[in-house]
Every structure is written in structure tokens, then in C-alpha cells.
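The values are calculated or read from the model by the stated rules, or taken from the named source; none is laboratory data. Because the structure is predicted, anything quoted here is derived from the model rather than measured. Ideal geometry is used to build each Cβ from the backbone, glycine not excepted, and the neighbour counts take in all protein chains shown.
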Amino acid sequence: MSKHPNHPSTMPTRVLYLDLDGTVRHGKDEMGRFVNNSSDVRVFDVVPKILQWYRSNGWRIIGITNQGGVSLGIISYEDCRAAIMETQRQSGNAFDTIAVCIHHPDAKNPEMAVCWCRKPRIGLIVEACSALARKTGECYPPHLALLVGDRPEDRKCAENAGVRFMDAKEWRDGGWRDDS
């Protein structure tokens, strides 16, 4: 019996969901300013090595990041996109995809103030893994996934999605070695 070409594989694939700011890259510079353009991006030194380990062990890697500064007018969409691309470059191009929520509850435009994707909601996970599954034919069961982040909304997002959670500092300090 052959599978329909759009039917996900029965072979489950593990996924590493990563917050970006404070997890993969430094969230703020020495002056306390957030990452606002590509020149602000500084990936933690150990991250490319960790991501290489996950890739070599068959994991998919998906970035999920709240970037509400776009809807607040602090950063342009183009600068946000350039910072995401620079993060991908400094990470050794390890990400399969990076999903971005540009909404913020304090946005003046009501359409930018409400969404289903801003963490702790699960929209970024659902959208990113659905798009990747369509592209690869794989399936990504939540019980085989790990979400790494540094903020309460990251932990809550993992909980809401039924995904294991690990604190970013623990992960960067070697906790990833215990997650095989």
C-alpha cells in the first residue's frame, strides 16, 4: 500500500524548539538594549556546537521567537528579518526554520495586538512544524520534542503544547548532553 504524497510519514522525528533572545543569542547588549538589527546579533559561543550535535543525531531544529518590537514600532520588519538571518548564519545555518511572532498586546493597531502565535500560546510551534512536515513528509509528535527557553512564557508555551522544557542556561551549560 503506497502513501499519499501529502500524508505525513509514519516515522516520527524529534524536534528541538528554540527561543532566540537569551537562549540562542544574547538578548541584550552591554547597554541593556534588545537585538534591533543584524549588527546586534551575538550567538552564544557554545550554541553552534550544540546545534551540530542535534543535527547529527537526526533532530529537526525550529526557532520560535516573539519579536513584538515590530508591532510597537521599535524595530522595522526588515531589520527583524535581517537579525533572524544573521542568527541563522552565526548558528551554522542549523535551523530548519525560524518562526516569528511580530504581535504585541500593547500595539496601537488592534490587528497587531491579538494573535494566536505569541508565546506562551502555541501558534508558532503549530505553524512551524506543520509547514516543515508538509515540506519533509515527516511527523513531529510533541512527546518527542524539547523546547529550550529562558523566560516564563517559553516554559508555559512548552506546557501548553505538551512539549518537554529545558532552561536555556542549563541547556547551554551541558544539559543538552543528557537529552539524547
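Screening GLU159 with (1) surrounded by fewer than 16 Cβ atoms within 10 Å (Cβ to Cβ); (2) under 30 Å from SER39 (Cβ atoms) gives one miss only, at (2).
For region 108-122, indicate whether the set of residues that are out of contact with any strand residue (DSSP E or B) (no Cβ under 7 Å at 6 or more places or on another chain), β-branched (Val, Ile, Thr) and in a loop (DSSP other than H, G, I, E, B) is non-empty.
Yes, there is a match, as at least one residue in region 108-122 is out of contact with any strand residue (DSSP E or B) (no Cβ under 7 Å at 6 or more places or on another chain), β-branched (Val, Ile, Thr) and in a loop (DSSP other than H, G, I, E, B).
Which ones in region 31-46 are among the aromatic types (Phe, Trp, Tyr) and either loosely packed, with under 11 Cβ neighbours inside 10 Å or at pLDDT below 95 (or both)? Hit for region 31-46 is PHE34, nothing else. Taken as a whole, the structure places GLY68 among residues that are part of a loop (DSSP other than H, G, I, E, B), out of contact with any helix residue (DSSP H, G or I) (no Cβ under 6 Å at 6 or more places or on another chain) and under 18 Å from GLY123 (Cα atoms).
Among the residues that make up region 124-146, is at least one of them in contact with a Leu (Cβ under 7 Å, 6 or more places away or on another chain), in contact (Cβ under 8 Å) with a residue 40 or more places away in the chain and under 21 Å from LEU51 (Cα atoms)? Full working, then the answer.
First, the residues of region 124-146 that are in contact with a Leu (Cβ under 7 Å, 6 or more places away or on another chain): 146.
From what's left, in contact (Cβ under 8 Å) with a residue 40 or more places away in the chain: 146.
Those still in the list that are under 21 Å from LEU51 (Cα atoms) too: 146.
Scanning region 124-146, I find at least one residue that is in contact with a Leu (Cβ under 7 Å, 6 or more places away or on another chain), in contact (Cβ under 8 Å) with a residue 40 or more places away in the chain and under 21 Å from LEU51 (Cα atoms), so the answer is yes.
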